[in-house]
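Asks: If you scroll down you'll find the structure; I have some questions about it.
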Amino acid sequence: MSPNAIAPSLTLVVVAGFLIASGVYLLLERALTRLLPGIVLASNGVATLYPVVSGPAKGAPFVGARPSSEMSDPLPRAMVLTAIVIALASVAFVLSLAYRQWRITGSDDVPDDAEDDLIKRLADRDEVSSTYDPDTQSTTTADEEDATA
């Protein structure tokens, strides 16, 4: 580390880690109303990390006002603004999904997918789906490479 470099704030790193961990925990819930604060907490945690990774604050990045070595990098600040916009759009989308789910079912819990339940029951009985065709040709690249060899 150079003599005039400033070490990152441990407090910001711990706060960001706590916010991201709490947000991820809430994102893993099935209730859509818990998904909303999860998105907010995770995005705020990521936004808190940007001052840590962007380095020490310097002068405003106006060309010609000072040498470029004394200017702050404007890119991390622009990325924080972009992250805020994306988080706002995600919250609005999940809020609309939660409202629609509540209007239709009276609950904001995400139901199990009926197709997933069918596949699980078939797997438990060691059966295949009625739509499975064993004669179809696989189109994966590994199978194509084996066929050409």
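Asks: I'd like the full set of residues that are hydroxyl-bearing (Ser, Thr, Tyr) and in contact with a Lys or Arg (Cβ under 6 Å, 6 or more places away or on another chain), limited to the stretch 65-120.
Replies: Across the stretch 65-120, the qualifying residue is only 72.
Asks: Under the condition of being of a type in the set (S, T, N, Q) and over 28 Å from residue 110 (Cα atoms), which residue from the stretch 3-24 is most open to solvent (accessible area, probe 1.4 Å)?
Replies: Of everything passing the filter in the stretch 3-24, 4 is most open to solvent (accessible area, probe 1.4 Å).
Asks: Pull out all pairs, ordered by first then second residue, where Cβ-Cβ is under 6 Å, the residues are six or more apart or on different chains, the first lies in the stretch 1-19 and is over 15 Å from residue 53 (Cα atoms), and the second is modelled with pLDDT of 60 or more and open to solvent by 60 Å² or more (accessible area, probe 1.4 Å).
Replies: Qualifying pairs under 6 Å: 19/44.
Asks: At least 3 residues that are open to solvent by 90 Å² or more (accessible area, probe 1.4 Å) in each: list the helices (runs of 4 or more DSSP H) lying fully within the stretch 32-125 that qualify. Talk me through it step by step, then tell me what you get.
Replies: Values: elements: 32-53, 74-105, 114-124.
It comes to 74-105, 114-124.
Asks: Using beta carbons and a limit of 6 Å, which pairs, at least six apart or on different chains, have the first residue in the stretch 85-113 and at positive phi and without any contact (Cβ under 8 Å) to a residue 40 or more places away in the chain and the second one surrounded by 12 or more Cβ atoms within 10 Å (Cβ to Cβ) and in a loop (DSSP other than H, G, I, E, B)?
Replies: Going by the 6 Å Cβ cut-off, there are no qualifying pairs.
Asks: Moving on to the next point. Right, residue 27: in contact (Cβ under 8 Å) with a residue 12 or more places away in the chain, open to solvent by 40 Å² or more (accessible area, probe 1.4 Å), within 30 Å of residue 110 (Cα to Cα) and under 17 Å from the mean Cα position of the chain (by Cα) or not?
Replies: It is true that residue 27 is in contact (Cβ under 8 Å) with a residue 12 or more places away in the chain, open to solvent by 40 Å² or more (accessible area, probe 1.4 Å), within 30 Å of residue 110 (Cα to Cα) and under 17 Å from the mean Cα position of the chain (by Cα).
The values are calculated or read from the model by the stated rules, or taken from the named source; none is laboratory data. From a predicted model like this one, the values you see are computed outputs, not experimental measurements. Glycine also receives a Cβ, built like all others from the backbone with ideal geometry; neighbour counts cover every protein chain displayed. When the accessible area is computed, the model is the full protein with side chains, heavy atoms only, and any ligands, DNA or RNA have been set aside. Shrake-Rupley method; radii C 1.70, N 1.55, O 1.52, S 1.80 Å.
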